[in-house]
Structures are given as structure tokens and as C-alpha cells.
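Participant: A single structure is presented below for examination.
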Amino acid sequence: LPICSGQTWALAGQYAIAGLTVGAGYMKADNTASATARATSTTPWAGTADGNFGSIVTSGLRSARGYGIASAAVTYVLGSATFGVHYSNAQYVPDAASAFRSTENFNTAAGYFGYRLNPALLLGAQYSYTHASGQARANYHQVSLGADYALSKRTDLYLLGVYQHMDGDQVGTVPGGATAADY
């Protein structure tokens with residue numbers, strides 16, 4: 001990714017016809033903090049982009065010079081059922097002040113199924129898989145099950161259960177030390 005100093009920008013689009021919706025987007029952020037701040041600070045990003053480093057998965061990449069995220073998704077509604085797939089690629093780019101040395105890539109694929117049992121009750125399930133490569137070598141699996149019940153137009157109750165499993169090593173952790181419980 002070419003890095004332009006001090007810029008954060010994003011572009012996204014969506015197209016829908018009948019029950020089919022297709023969307024895609026890209027975001028690029030450049031870290032304007034000084035090399036010293038990026039090497040020593042626990043929050044080395046100037047501005048709101050720092051919030052993208054709050055999990056164990058990305059915390060070792062806080063010193064990145066920049067990052068880019070490309071994403072695409074498709075959903076299809078057929079009666080009471082909704083089917084969806086999603087793919088994204090995130091690349092974190094280092095420089096000499098970064099705590100990691102090679103571009104880190106995170107490729108994520110996910111599938112979703114939702115079913116509206118009645119106007120008030122929606123049930124859903126999702127599986128996502130992320131593969132990290134570069135200095136990091138890790139795989140993340142997540143299964144989610146949920147229910148949403150509308151009490152009124154503005155009030156609902158929901159229940160969500162998530163199972164996560166991680167294997168491998170992540171940048172900024174003890175080898176073999178990062179687990180799903182850490183993030």
C-alpha cells in the first residue's frame with residue numbers, strides 16, 4: 001500500500017435489486033504520529049483510528065505506519081430467510097519505527113443465515129474464519145448464534161452467544177500465548 005502522509009479516507013458503495021444486495025468498501029489510514037511516539041506510546045495513533053487496535057489480534061500492530069482494509073459482502077433475502085457472505089482483507093504496513101517488520105495480512109471470510117420466525121422474532125447464525133500472515137501466523141474461528149425479539153418499534157431484547165478458537169502466534173504476544181480468551 002502506498003502511504004500518503006496524514007491521510008485517512010474511505011470509499012464504499014452498495015447496489016440492491018429485488019432480494020440481492022452487494023456492497024464493497026475500502027479504507028486507508030496513515031499514522032501521522034511521530035516515529036518516537038509510535039515506538040513508545042500505548043496509543044501511538046493520532047485521532048480516532050487508534051480504536052482499531054483494541055484487541056489482542058491487532059494490539060501488536062499499534063506501531064504501524066498505516067493500514068488498508070478492503071471488504072465486500074453479498075446478501076440475499078428469500079422469503080423469511082436471509083443468506084449472506086462476506087470477505088475482507090486488512091493489511092498493516094510497518095516502517096523502521098514499527099514493532100513488527102513485515103506487512104501483516106488478515107484475510108477474513110464469513111457466512112450468515114438469518115430467519116424471521118414471525119414479525120417480532122429473528123434468529124441468526126454466523127461462522128467466520130480469519131487467517132493472519134506475515135510475522136503473525138494465526139487462525140481465528142468464530143461461531144455466533146443469536147435471537148432478537150422486538151417488543152415495540154423502538155425496543156427489543158436480544159441474546160447472542162459466541163464461541164471463538166484461535167491457534168498460532170500473533171505479533172506482540174509470547175509465541176503460542178495468544179488465545180481466544182485474550183480477545
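Participant: Given points 7 Å out from each Cα along the Cα-Cβ axis, report the ASP95 to SER80 separation in nanometres with one decimal.
Facilitator: Label-label distance for ASP95 and SER80, simple model: 5.6 nm.
Participant: Given a cut-off of under 8 Å on Cα pairs at least six residues apart, what relative contact order in percent is computed for the stretch 106-169?
Facilitator: Across the stretch 106-169, relative contact order equals 28 percent.
Participant: Distance in nm between label sites at ARG137 and TYR15, each 7 Å beyond Cα in the beta-carbon direction?
Facilitator: According to this spin-label approximation, the distance is 4.1 nm.
Participant: For the pair SER144/ALA24, report the inter-label distance in nm, with labels modelled 7 Å from Cα in the Cβ direction.
Facilitator: Distance between label points: 2.4 nm.
Every number here is computed from the coordinates shown, using simple stated rules; none is lab data. These numbers come from a predicted model, not from an experiment. Every residue, glycine among them, receives a Cβ derived from its backbone with ideal geometry; neighbour counts consider all protein chains shown.
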